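First comes the structure, then the notes that go with it.
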Amino acid sequence: MHTITVSNLNATGAGSLRQAITDANAYTGTDDIQIVFDAALAGQSIAPGVALTIPANTTITMPEGMVWDMKGKKLTIKGKLVANYATTADVLMSTSTSADIEIADGGCLDLSNANINLSKNYCNVFVKAGGVLKMNGGKLHAYAGTEGASGSAISLTGVEVTGTVVASGALTSQNCTYNNNVTLGESATLSGNTFAGYLKVFGSTQVTASGNKFTGQETLRLADYVGDTAVALAYVTSSSAADAYVGVYGKWGDGVMAATPASLSGGYKQVGDMSVTAG
């Protein structure tokens with residue numbers, strides 16, 4: 001392992017984070033690279049001031065409570081960025097607009113009790129094919145949304161999610177709160193979550209779900225179904241209060257609702273020309 005130490009909070013120059021990443025990119029050895037921070041920098045804010053790319057063979061481990069202020073600059077993760085905080089705090093944030101986080105193929109953003117706080121306009125989190133986003137606790141706040149491409153993996157446990165989520169790859173979510181709409185793609189495992197917006201499911205999506213609570217009126221949106229939608233519906237369970245309902249609508253093929261989705265529980269309401277009854 002080749003270790004590079006960040007020893008100050010300067011935007012550039014010897015000992016800066018920017019220089020450490022530059023050195024990692026220039027490294028010609030065969031060892032993996034670990035970028036670490038001097039212990040005295042814990043709990044402080046660092047702002048490199050430029051767009052940066054973490055190389056594929058490099059892991060950056062953030063010290064307890066450190067905040068990386070992106071200041072509207074893009075961060076691309078081809079290697080790994082890790083933050084494992086004892087006390088919940090921001091780890092990646094931006095005081096300016098248009099700050100994107102891109103997790104590239106082979107890249108991983110692995111956070112525990114560490115918030116992504118991109119609350120300004122035009123700020124996104126992109127997880128590309130082969131990229132991984134893992135969060136345990138904390139908040140995922142991307143003003144313009146979080147988007148996982150086909151072939152990506154997003155795993156969230158106990159996370160408060162603000163902004164839309166489009167998970168075209170795989171989504172694993174447990175005990176999370178979603179304050180906006182969620183669209184699923186290839187597959188999803190959902191347990192104990194609360195959805196305030198709609199949950200959009202496509203005909204090809206493989207969904208396993210249990211104990212999820214829907215607080216909005218239109219909570220399950222089925223799109224582009226041309227086959228046996230009852231099969232897909234059977235994987236979706238609502239644990240809403242008895243006086244709530246799940247609104248279901250979408251684009252349906254002929255006769256696809258011949259079977260009642262018996263696994264849906266609670267009250268239901270007709271939406272458009274489709275009728276869904278309680279099982």
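The values are calculated or read from the model by the stated rules, or taken from the named source; none is laboratory data. Treat the numbers as computed from the prediction; the structure is a model and nothing was measured. No Cβ is skipped: glycine too gets one built from the backbone with ideal geometry, and neighbour counts run over all protein chains shown.
Looking only at region 131-145, decide whether some residue is in a strand (DSSP E or B), closer than 18 Å to T53 by Cβ and at pLDDT 95 or above. Yes; the residues of region 131-145 include at least one that is in a strand (DSSP E or B), closer than 18 Å to T53 by Cβ and at pLDDT 95 or above. Pairing residues of region 33-51 that are more than 22 Å from D100 (Cα to Cα) with residues that are modelled with pLDDT under 95 and exposed (fewer than 13 other Cβ atoms within 10 Å of the Cβ), at Cβ distances under 6 Å and at least 6 apart in sequence or on separate chains, gives Q34/M1.
Looking across region 1-37 at every residue that is hydrophobic (A, V, I, L, M, F, W, C) and part of a strand (DSSP E or B), the one that is surrounded by the fewest Cβ atoms within 10 Å (Cβ to Cβ) is identified as V36. Tallying residues that are in contact with a helix residue (DSSP H, G or I) (Cβ under 7 Å, 6 or more places away or on another chain) and closer than 14 Å to T3 by Cα within region 31-53 yields 2.
If you go through region 38-55 one residue at a time, do you hit one that is among the small types (G, A, S), closer than 26 Å to L156 by Cα and in a strand (DSSP E or B)? Yes, region 38-55 contains a residue that is among the small types (G, A, S), closer than 26 Å to L156 by Cα and in a strand (DSSP E or B).
Being surrounded by fewer than 23 Cβ atoms within 10 Å (Cβ to Cβ), among the basic types (K, R) and within 21 Å of G72 (Cβ to Cβ) is the requirement here; does K134 meet it?
no
Can you tell me which residue within region 165-203, out of those that are aliphatic (A, V, I, L, M) and at pLDDT below 90, is surrounded by the fewest Cβ atoms within 10 Å (Cβ to Cβ)? The selected residue is A196.
Scanning region 144-163 for residues that are crowded, with 18+ Cβ neighbours inside 10 Å and among the hydroxyl-bearing types (S, T, Y), we see that the one that is farthest from G106 (Cα to Cα) is T162. Consider only pairs whose beta carbons are under 9 Å apart and that are at least six residues apart or on different chains; among these, list those whose first residue lies in region 122-139 and is on the phi > 0 side of the Ramachandran plot and whose second residue is aromatic (F, W, Y). Taking only residues 6 or more apart or on different chains, the pairs are Y122/Y143; G137/Y85; G138/Y85.
Filtering region 109-120 to residues that are surrounded by fewer than 20 Cβ atoms within 10 Å (Cβ to Cβ) and either within 25 Å of G151 (Cβ to Cβ) or touching a His at 6+ places or on another chain (Cβ under 7 Å) (or both) leaves D110, S112, S119.
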